[in-house]
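Participant: Starting off with a structure, shown below.
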Ligand SMILES: [Zn+2]
């Protein structure tokens with residue numbers, strides 16, 4: 001089995017499938033073809049099918065395959081997922097042509113200078129390099145091989161497995177999001193009793209020199225709190241007459257960026273603090289006038305905080321930042337007046353921060369139906385423009401709604417930009433969670449190997465696992481929907497379906513390093529010999 005996984009890993013890694021390109025389908029079609037050549041599926045061709053992303057210009061698709069155990073008529077079913085796409089390959093520079101040729105690439109890398117750790121791993125011969133080999137062709141090969149092994153002995157297999165090889169994971173998760181409703185339909189049709197979702201995406205060292213192998217029961221989530229900042233413009237020669245939205249943006253960054261105060265901690269596992277992914281003013285031309293508006297957004301990881309709670313925290317943070325700006329402006333203005341012999345008068349600014357939902361309600365009170373008409377028209381116009389992405393779409397709506405408002409004083413409007421990935425915290429609070437936790441803990445404990453394998457609670461890299469569930473609390477979902485302009489128009493999530501699926505998740509991945517870097521590499525021994533056994537044992541024990 002291990003040799004098979006290795007060969008299939010190399011075969012899949014040799015087919016380029018960069019996210020957001022037509023090539024993605026090449027990998028998916030290879031997966032489909034492989035299944036169709038397996039004995040079980042020759043007899044059951046109806047057990048493999050494509051699932052298309054809805055309205056996708058590239059017509060991308062995923063593969064859904066299932067095996068029904070014949071030992072007894074158990075309804076118990078485990079879902080397996082793996083993504084078939086990879087990130088781009090431009091990071092390989094002049095070695096780009098070898099990115100999808102792991103064996104050649106591993107040789108070629110001898111001719112270039114590498115970071116110390118990568119050079120050491122290359123020399124050791126224990127690693128193979130290549131785009132996607134670690135993230136996550138090896139994981140897909142593992143699951144496919146396990147499906148084959150199980151299906152070859154289906155008479156002695158109890159329970160069922162459903163495997164989804166999904167596309168677009170490194171992009172907008174279009175694959176997984178189109179598969180979620182299919183999984184519900186399948187549950188209905190086959191009367192499946194889903195137990196858990198197993199992913200085999202990569203697992204890497206958590207710090208320099210970390211040699212532990214990790215299994216994660218649960219996953220991190222992600223939100224993108226965004227701040228639309230309206231200041232007051234001024235002439236560059238008379239700057240105290242205004243309030244600079246760039247200064248407020250800077251203060252918000254100072255307050256929130258990489259500040260562990262905003263990190264979720266659950267069971268001692270600390271989420272990475274927020275970091276800005278964009279910060280800019282919205283002035284379109286050069287002039288000596290200061291900007292009137294600016295905006296910024298953060299990547300905000302979560303372990304336990306729901307959207308409404310994150311909203312509350314960042315509003316508090318922005319208020320603090322805004323007040324700091326006003327205080328420091330007053331202090332500097334006083335100094336400036338003293339130095340110049342001018343009379344000082346306190347500046348008129350007041351810190352104001354509100355969620356988008358509140359802005360919308362205030363404007364609606366003033367303008368009535370006109371607001372919704374404006375949003376409808378805007379939606380139509382913006383959807384037609386291929387250059388407007390989900391983030392820009394949300395921003396344009398906020399800008400236009402704010403423009404309609406009679407109140408022109410400085411204010412910070414907080415909203416969520418897409419995407420949203422719910423965290424999944426497997427606490428053990430229901431039978432499914434308990435079963436998954438116990439099963440995984442037991443297997444890891446009883447697996448003999450030279451590696452130190454640890455079970456953790458939150459897979460730390462954003463992945464499709466997030467879509468196996470969604471928060472149940474109405475407040476959480478409401479806060480998300482009413483504070484994400486364009487939700488359901490430009491950006492959609494099958495939230496109800498995710499809530500219905502509601503499964504605990506685990507990631508049991510191969511080991512390697514430098515995902516998304518040209519030194520991406522897979523450690524062969526653990527990845528081909530140990531991790532697959534952990535996955536197999538988890539499937540079998542869950543279905544027992
Ligand atoms: Zn991945």
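Participant: Of 489, 220, 147, how do they rank once you tally other Cβ atoms within 10 Å and put the fewest first?
Facilitator: Numbers: 489 18, 220 26, 147 23.
Ordered from fewest to most neighbouring Cβ atoms within 10 Å, 489, 220, 147 come out as 489, 147, 220.
Participant: Below 8 Å, C-alpha to C-alpha, sequence gap of six or more: please give me the relative contact order for region 222-416 in percent.
Facilitator: Values: 299 pairs, mean separation 55.5, N = 195.
Relative CO of region 222-416 lands at 28 percent.
Participant: What distance in nm separates the simple spin-label points at residue 361 and residue 285, each placed 7 Å from Cα in the Cβ direction?
Facilitator: In this crude label model, residue 361 to residue 285 measures out at 3.9 nm.
Participant: Kindly state, to the nearest 0.05, the FRET efficiency for residue 7 paired with residue 370, given R0 = 51 Å and r defined as their beta-carbon distance. Don't jump to the answer; show the numbers that get you there.
Facilitator: Details: r = 64 Å, r/R0 = 1.25.
About 0.20, to the nearest 0.05.
Participant: Could you tell me what percent of the DSSP beta bridges with both partners in the chain are antiparallel, to the nearest 5?
Facilitator: Working: 46 of 73 bridges.
Given both bridge residues lie in the chain, the antiparallel proportion sits at roughly 65 percent.
Participant: Under the rule a/c < 1.5 gives rounded, and otherwise a/b versus b/c splits prolate from oblate, where does region 9-57 land using the Cα gyration tensor?
Facilitator: Details: a/c = 4.41, a/b = 1.36, b/c = 3.24.
In terms of gyration-tensor shape, oblate.
Participant: For region 67-205, what is the percent of antiparallel DSSP beta bridges, rounded to the nearest 5? Don't skip to the end; give the middle numbers.
Facilitator: Numbers: 2 of 15 bridges.
Antiparallel bridges make up about 15 percent of those DSSP assigns within region 67-205.
Participant: Another question about this same structure. Would you mind checking the tilt of helix 370-383 against the longest principal axis of the Cα atoms of the chain, expressed as 0 to 90 degrees and rounded to 10?
Facilitator: 50 degrees
Participant: How many nm separate the modelled label positions at residue 496 and residue 544, each set 7 Å beyond the Cα in the direction of the Cβ?
Facilitator: Taking the two extended label points, one gets 3.9 nm.
Participant: Still on this structure: Just order 502-515, 333-346, 185-198, 114-127 by mean Cβ neighbour count inside 10 Å, highest at the front, would you? Don't skip to the end; give the middle numbers.
Facilitator: On the way: 502-515: 24.7, 333-346: 10.6, 185-198: 17.3, 114-127: 14.6.
Going from most to least packed, we get 502-515, 185-198, 114-127, 333-346.
Participant: When the Cα centres of region 476-544 and region 200-277 are compared, how far apart do they sit, in Å?
Facilitator: 22 Å
Participant: If you fit an axis through the alpha-carbon atoms of helix 431-446 and take the longest principal axis of the Cα set of the chain, what angle between them do you get, 0 to 90°, nearest 10?
Facilitator: Value to nearest ten degrees: 60.
Participant: What's the extension gain from residue 265 to residue 299 if we count 0.36 nm per residue and subtract their Cα-Cα distance? Display every interim value, and only then the final one.
Facilitator: On the way: separation 34, 0.36 × 34 = 12.24 nm, distance 1.66 nm.
Roughly 10.6 nm would be gained on extension.
Participant: Compute the length gained on full extension between residue 110 and residue 96: take 0.36 nm times their separation in residues and subtract their Cα-Cα distance, giving the result in nm to one decimal.
Facilitator: This chain segment gains 3.5 nm when fully extended.
Participant: Continuing with the same structure: Can you sort 464, 153 from fewest to most other Cβ atoms within 10 Å of each residue's own Cβ? List each step's numbers first, then the result.
Facilitator: Working: 464 25, 153 12.
Neighbour counts put them in this order, fewest first: 153, 464.
Participant: May I ask you to derive the relative contact order of region 98-208, considering only C-alpha pairs under 8 Å and at least 6 residues apart, and to give it as an integer percent?
Facilitator: 25 percent
Participant: While we're on this one: Counting only C-alpha contacts under 8 Å and six or more residues apart, can you give the relative contact order of the chain as a whole percent? Intermediate results must be reported in sequence, preceding the final value.
Facilitator: Details: 1101 pairs, mean separation 118.3, N = 544.
Contact order relative to length: 22 percent.
Participant: Hey, another quick one. Highest mean first, how do 385-391, 58-64 rank when packing is the count of other Cβ atoms within 10 Å averaged over residues? Before the final figure, lay out the partial values.
Facilitator: Details: 385-391: 13.3, 58-64: 22.1.
Per-residue mean Cβ counts within 10 Å order the peptides as 58-64, 385-391.
Participant: First check a/c for region 222-416, with a ≥ b ≥ c the square roots of the eigenvalues of its C-alpha gyration tensor; if it is under 1.5, answer rounded, and if not, answer prolate when a/b is larger than b/c or oblate otherwise.
Facilitator: Working: a/c = 1.90, a/b = 1.18, b/c = 1.61.
It is oblate, given that a/c is not under 1.5 and a/b is not larger than b/c.
Participant: Right, another one. Of all DSSP beta bridges located in region 222-416, what percent are antiparallel, nearest 5? List each step's numbers first, then the result.
Facilitator: On the way: 23 of 26 bridges.
Roughly 90 percent of the DSSP beta bridges within region 222-416 come out antiparallel.
Participant: Related question: Residue 529 versus residue 240, label points 7 Å from Cα toward the beta carbon: distance in nm?
Facilitator: Result for the modelled spin labels: 7.4 nm.
Participant: For the chain, take the longest principal axis of its alpha carbons; what is the angle in degrees between that and the long axis of helix 174-190, to the nearest 10 within 0 to 90?
Facilitator: That helix lies at roughly 50 degrees to the long axis.
Participant: Going by the alpha-carbon gyration tensor, a ≥ b ≥ c the square roots of its eigenvalues, is the chain rounded (a/c under 1.5) or, if a/c is not under 1.5, prolate (a/b greater than b/c) versus oblate?
Facilitator: prolate
Participant: Using the number of other C-beta atoms within 10 angstrom as an exposure proxy, rank 423, 83 with the fewest first. Can you show the working numbers first?
Facilitator: Values: 423 27, 83 32.
Neighbour counts put them in this order, fewest first: 423, 83.
Participant: Something else about it: Before rounding to the nearest 500, sum -39500 (n - 2.57) across all DSSP H runs of length at least 4 in the chain and divide by the residue total; then give [θ] at 222 nm in deg cm²/dmol. Intermediate values should be presented prior to the final figure.
Facilitator: Values: 16 runs with 210 residues, N = 544.
Taking each H run of at least 4 residues, the total per residue is -12500 deg cm²/dmol.
Every number here is computed from the coordinates shown, using simple stated rules; none is lab data. Just so you know, these numbers come straight off a predicted model, no measurement behind them. Counting neighbours? That spans all protein chains shown, and the Cβs are built from the backbone with ideal geometry, glycine included.
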